[in-house]
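What follows is a short report on a single structure.
No lab work stands behind these numbers, since they all come straight from the coordinates. Small disclaimer: the values here were computed from a predicted structure and weren't measured. Every residue, glycine as well, gets a Cβ built from its backbone with ideal geometry; the counts of neighbours run over all protein chains shown.
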Amino acid sequence: MFITKKHLSRRTLLRGAGAAIALPLLDSMIPASTALAQTAAAPKTRLGCIYIPHGVTMDKWTPATAGRGFELTEILSPLAPVRDQICVVTGLTHAQVGPWPGEDSGGANNHNRAGAVFLSGAHPVKGNRPICGPSIDQIAAAHVGQDTPIPSIELALEQGGLNCDSGNTCAYINTLAWKSATLPLPMEHNPQVAFERLFGLGVTEEERAVRRAEARSVLDSVLGEAARFRNALPASDRRVFADYLDEVREVERRVMQVDTLMSAGVELPEPPVGVPDAIEEHLSLMFDLQVLAFKTEITRISTFMYGRELSNTIFPQSGVRESWHLASHHSNDRKNMDQYAVLNRYHVAQLTSFLEKLQATPDGDGTLLDHSLILYGSSLSDGNEHNFSPLPVLLAGGASGRLEGGRHLVFPEETPMANLLLALLHKLDVPVESIGDSTGPLEI
């Protein structure tokens, strides 16, 4: 856009053949100073929440000094290329990972609760029916996700499983995302399925466009018959039918918004095929999908579960031959703790690759990383002890000018991590007063 000191009047008309047509609001009708302000304000903040199970080797994670100018530790050292966009947060606890009176204690039980607590700060109540609390990604999606085709995406590196012991519902260990206290959302581990959900079925954009057109025509026919059908229903059924129509209109809204985005000339890569055999390729694909989703604004909110608690995944390129869960049980042996730190560092290196891709992607007056708010961390501190304080947590991105990086933020011991979750929602202008066991938003 070219901005000069001159601008068109809002009353400018197109005249010809005895007629006059008023113009819509154009950039040229806005004074230069106002146009610059609007350009700077245009980008919307993306929220990404990334979970790692089993904690880390904390003494190789935690910087020695607070504030600015801190040295990146061994585990955090891969973040050097983006350190100015990083805030390490120390002193937080997720007390709701621990058992309530009468509930089972012990390591396996903390594992089963940890994932559900990460974004909710709420206690997963023991039983076969899920009772936890809404997570910040879904709270944000309800407030700021409705102007994108998909309010949020939920991704995972591992397929959900049935290894959930201790008399708890498997939902607690299989997902981070809770739409409400009783509605956990499934997480998709297949990159092909995730791609198709984001951009539609079909190998080429032409095929995907045909599918979207078919969806539109079906929706049009359904809505066309809706009024006549509704009038024939008894009063007791009309509320159910109205809810159904709301769901149909939501699908229609998403189809139309995807069409609008695709007509703007967004170029998509070839869709992935299934789940890659190599874990590193799979991990890279899941991060790439999040970059693509943020870039196209198909959605601005994502959650990603690096691994489930009790994960037996092995990352060959890390140099650690043991599975993730086994490596976390270091028995307080220094050699084993150092080896676990190697695995922790590897995971941070993959995170850095994701952040660098965001940083390399232009977005408005900056980059996707400038306009993102990324939370990375765990609900467990030391995987061997199964404790939940102090937690390994970091933030990345500029949150559209609302988060300053390059800092180590140290809070008093046992500060509820839910206070950080509340602060993140406030950075997104989501008007909530509390979440989970929060006592007030952190100053970050």
- [ ] Enumerate the calculated ³J(HN,Hα) couplings along the range 388-393 in order (Karplus 6.51 cos²θ - 1.76 cosθ + 1.60, θ = phi - 60°), each rounded to whole Hz, writing x wherever the residue is Gly or Pro.
- [x] 9, 6, x, 8, x, 9
Open item on the list: Taking θ = phi - 60°, what integer Hz values does the Karplus form 6.51 cos²θ - 1.76 cosθ + 1.60 yield along the range 303-315, in sequence order, with x for Gly and Pro?
Closed with: 10, 9, 9, 4, x, 7, 4, 6, 5, 9, 5, 10, 10
Open item on the list: Sort W100, W61 by Cβ crowding within 10 Å, fewest neighbours at the top.
Closed with: W100, W61
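Which value results when the Cα radius of gyration for the range 354-408 is divided by 2.2 N^0.38 Å? Write down the numbers at each step before the final one.
On the way: Rg = 14.3 Å, N = 55, 2.2 N^0.38 = 10.1 Å.
For the range 354-408, the normalised Cα radius of gyration is 1.42.
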Task: Estimated distance in nm for a label pair at K335 and L233, the labels positioned 7 Å out from Cα along Cα-to-Cβ - done: 6.9 nm
Task: For the range 57-119, radius of gyration divided by Kirkwood radius, i.e. Rg to Rh on alpha-carbons - done: 1.11
Task: Flagged links, alpha-carbon separation over 19 Å, of K44/K295; K179/K295; K60/K357 - done: K179/K295; K60/K357
Task: In Hz, Karplus ³J(HN,Hα) per residue of the range 342-352 (6.51, -1.76, 1.60; θ = phi - 60°; x = Gly, Pro) - done: 4, 5, 4, 5, 4, 5, 5, 4, 5, 4, 4
Open item on the list: Using Cβ counts within 10 Å as a stand-in for footprinting exposure, how do M305, M286 rank, fewest first?
Closed with: M286, M305
Open item on the list: Based on alpha-carbon centroids, what's the gap between the range 114-184 and the range 43-100 in Å, whole number please?
Closed with: 22 Å
TODO: Kindly give Rg over Rh for the range 317-417, based on alpha-carbon atoms, with the Kirkwood expression for the hydrodynamic radius.
DONE: 1.05
